[in-house]
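Reading through the structure tokens given below for one structure.
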Amino acid sequence: MSTAVTPFRVEFPETDLADLRERLSRTRWPEKETVDDWSQGVPAGYLRDLAGYWQSAYDWRATEARLNALPQFRTEIDGLGIHFLHVRSPHPQARPLLLSHGWPGSVVEFLDIVGPLTDPEDPADAFHVVCPSLPGFGFSDKPRDTGWTVERTAAAWAELMSRLGYERFAAHGTDWGSFLTAILGETVPERLIGIHVAMPFARPPQEQVALDERDLAGLAALKDFQANEGAYSVLQATRPQTLGYGLADSPVGQLAWMIEKYWAWSDHDGDVEKVIPRDRLLDAVTLAWLAGTGASSARIYWESHNKMALGRVDVPTACAVFPKDARMPRAWCEHRFTDLRRWTDHESGGHFPALEQPELLVGELRSFFGTLA
């Protein structure tokens, strides 16, 4: 196995973009929903408008240029090609920081925070940022065999950081990235300066613990989520291949599948584009379409959904909890994260802090990791 780290550039051919626009022009649309809200899924009027903008006005090349302005690389780990951003700070004493995305995200989710993290006004706030694409996502390879669980991916991330010369590092994650980050805390605690997770998960402790109103409301919301929002995860955890045929063949299918989640999981007054600009939403969808990751990104659910140990984590931990995101009881999390230094129940925000509130997230990462040796 080669351990070489090779430079990478994003270079989708113009024929791929022309094919996307042509497919969008030939969309076979279903009839309008029979309700006046999102309870049956993405409303037809909104999706038609967004697809029209995607076809005629959205500029993928601008996002491609943003990606190519950053140092990108690929390397083979455990038999799989892994893509990652590696943006070193000009400040030599900067802390290494591993950023891990989830589904339906990708490395483009973090583009707005890389600059502030790597080159802040105060050198004490600086980080060397490493941001990998999960297996089957973005520009990483698509696994051809089973076994690429979240635990295996966490081991690959630890190897990646070693390969880049970072024996100790800080880590942050959202969605699947939060699970990855916590697993690093379980498996290689001696390597972690600390971890910062959005959407922390933990099992109930064996002994009875007191739950406050926010804890009870969070558990009720999780139960409601499984009943009314969880169909996507059941499908991706059981039949990702079947789903993949539709997502690989129809750009509007890919658009609807992802946009529904950005709408449902972000904190807004009914207009998601007030908190995540339209072009940023389409960055995520376009990358998934051009890279053809509808099936391969879904397989992380097949591999790991509801199958993780959620073991004890003894490294310094900060948990950022947002009202439009999942909230486990703090008392449960305190039993899993035994060195919980910070717990913040934010008054606003959702599942995509790097997109919805990038300045807040950068401030949290600076203030928390700045307290750690």
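The values are calculated or read from the model by the stated rules, or taken from the named source; none is laboratory data. Bear in mind that the values here come from a model prediction, so they are computed numbers and not experimental data. Please note: Cβ atoms are built from the backbone with ideal geometry, for glycine as well, and neighbour counts cover all protein chains shown.
Do you know which of the residues in the stretch 308-333 that are of a type in the set (D, E, K, R) and more than 19 Å from the chain's Cα centre (by Cα) is farthest from residue 193 (Cα to Cα)?
The qualifying residue farthest from residue 193 (Cα to Cα) is 330.
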Quiz item: Could you list, in sequence order, the residues of the stretch 236-256 that are free of Cβ contacts under 8 Å to residues at least 60 places away in the same chain and of a type outside the set (Lys, Arg)?
Solution: 241, 242, 243, 244, 245, 246, 247, 248, 249, 253, 254
Quiz item: Can you find even one residue in the stretch 135-156 that is surrounded by fewer than 21 Cβ atoms within 10 Å (Cβ to Cβ), under 19 Å from residue 95 (Cα atoms), more than 18 Å from the chain's Cα centre (by Cα) and modelled with pLDDT of 95 or more?
Solution: no
Quiz item: Name the residues in the stretch 1-42 that are of a type in the set (Phe, Trp, Tyr) and more than 30 Å from residue 228 (Cα to Cα), would you?
Solution: 8, 12
Quiz prompt | Which listed residue, of 66, 74, 48, is basic (Lys, Arg), more than 30 Å from residue 230 (Cα to Cα) and outside any strand (DSSP E or B) | solution = 66
Exercise. Mind listing whichever residues of the stretch 14-39 are polar (S, T, N, Q), more than 25 Å from the chain's Cα centre (by Cα) and not in a helix (DSSP H, G or I)?
Key: 27, 34
Quiz item: When residue 335 is evaluated against the numbered criteria (1) closer than 28 Å to residue 232 by Cβ; (2) assigned to a helix (DSSP H, G or I), which criterion, by number, is the only one it fails?
Solution: (1)
Quiz item: If residue 362 passes every condition in (1) without any contact (Cβ under 8 Å) to a residue 60 or more places away in the chain; (2) among the β-branched types (Val, Ile, Thr); (3) within 22 Å of residue 111 (Cα to Cα) but one, which one does it miss?
Solution: (1)
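Inside the stretch 314-359, can you point out the residues that are of a type in the set (Asp, Glu), surrounded by fewer than 16 Cβ atoms within 10 Å (Cβ to Cβ) and touching a residue at least 40 places away in the same chain (Cβ under 8 Å)?
Result: 314, 345, 359.
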Quiz item: So, of the residues in the stretch 12-36 that are over 14 Å from residue 47 (Cα atoms) and touching a residue at least 24 places away in the same chain (Cβ under 8 Å), which turns out to be surrounded by the most Cβ atoms within 10 Å (Cβ to Cβ)?
Solution: 20
Self-check item: Subset of the stretch 181-203 (residues that are of a type in the set (S, T, N, Q) and free of Cβ contacts under 8 Å to residues at least 60 places away in the same chain)
Solution: 187
